[in-house]
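Q: Here it is, the structure in full.
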Amino acid sequence: MIELSDIQRQIVLAMLAQATLAGVLLLLLPAPRILAIRAKKVTRDDHGRPIFPKWATQISDCFSNQFQMPVLFYALCLLTLWLHAETQSLAWLAWGFVGLRWAHAAVFVTTNFVPVRFTLFLVSSLVFLSMLLQVARRVLGV
């Protein structure tokens, strides 16, 4: 087993939990598209590319979303660990970010109710910015 402090372990586990979300979405990707094809709900655009109904693309859109803000989260967590700038509050914020992103993804692939989804996105972004400010303050000694 790798030697990590409890705080370091919590940050790494939060990163793994976030990566697990992408993995779960990846496994779910084919199902709605197969259903759309079988239900003959797929049309073609002028160039012959398939056009799936919106409900069949929600999971792929959510999966693509995992390569935006979460990538910044991974980078910040890795930088934090590399600099040995981790704190207990940073670990809590990391878990808060991950929980909010899982909730965001759950709304995205089910109801896709934009006011709720946007609120979850906004709050997770504020959590990320709080993490960023904490790391910056520790690095700058402020």
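The numbers here are math on the coordinates, done by the rules we state, and not lab data. Fair warning: this is a prediction, and the values are worked out from it, not measured in the lab. When we count neighbours, we look across all protein chains shown, and the Cβ atoms used for this are built from the backbone with ideal geometry, even at glycine.
Q: Relative to the first principal axis of the alpha-carbon coordinates of the chain, what is the inclination of helix 69-83, with its axis defined by its Cα atoms, in degrees from 0 to 90 and to the nearest 10?
A: Relative to the chain, helix 69-83 is tipped by roughly 20 degrees.
Q: Helix-only estimate, please: 222 nm mean residue ellipticity of the chain, summing -39500 (n - 2.57) across DSSP H runs of length 4 or more and dividing by its residues, to the nearest 500.
A: Helix contribution divided over all residues of the chain: -26000 deg cm²/dmol.
Q: Also, I was wondering about something else. How much length is gained if the chain between Ile34 and Leu78 is pulled fully straight, taking 0.36 nm per residue apart and subtracting their Cα-Cα distance, in nm to one decimal?
A: Going from the current span to full extension adds 12.1 nm.
Q: Okay, next question. Using the basic label-point model (7 angstrom from Cα toward the beta carbon), what is the Leu122 to Gln68 distance in nanometres?
A: It works out to 1.5 nm between the two label points.
Q: Relative to the longest principal Cα axis of the chain, at what angle does helix 114-140 sit, 0 to 90 degrees, rounded to 10?
A: Result, in degrees: 30.
Q: The range 1-24 to the range 86-139: how many Å between their Cα centroids?
A: Each part's Cα centre sits 16 Å from the other's.
Q: Mind sorting Leu78, Leu120 by how few other Cβ atoms lie within 10 Å of their own Cβ, fewest first?
A: Ordered by Cβ neighbours within 10 Å, fewest first: Leu78, Leu120.
Q: Normalised by the number of residues in the chain, what is the relative contact order in percent for Cα pairs under 8 Å and 6+ residues apart?
A: For the chain, the relative contact order is 29 percent.
Q: Please compute the length gained on full extension between Lys54 and Ala19, using 0.36 nm multiplied by the number of residues separating them and subtracting their Cα-Cα distance.
A: Taking Lys54 through Ala19 to full extension adds about 10.1 nm, to one decimal.
Q: Given a Förster distance of 25 Å, report the FRET efficiency between Asn112 and Asp45 from their Cβ-Cβ distance, rounded to the nearest 0.05.
A: E between Asn112 and Asp45, to the nearest 0.05, is 0.65.
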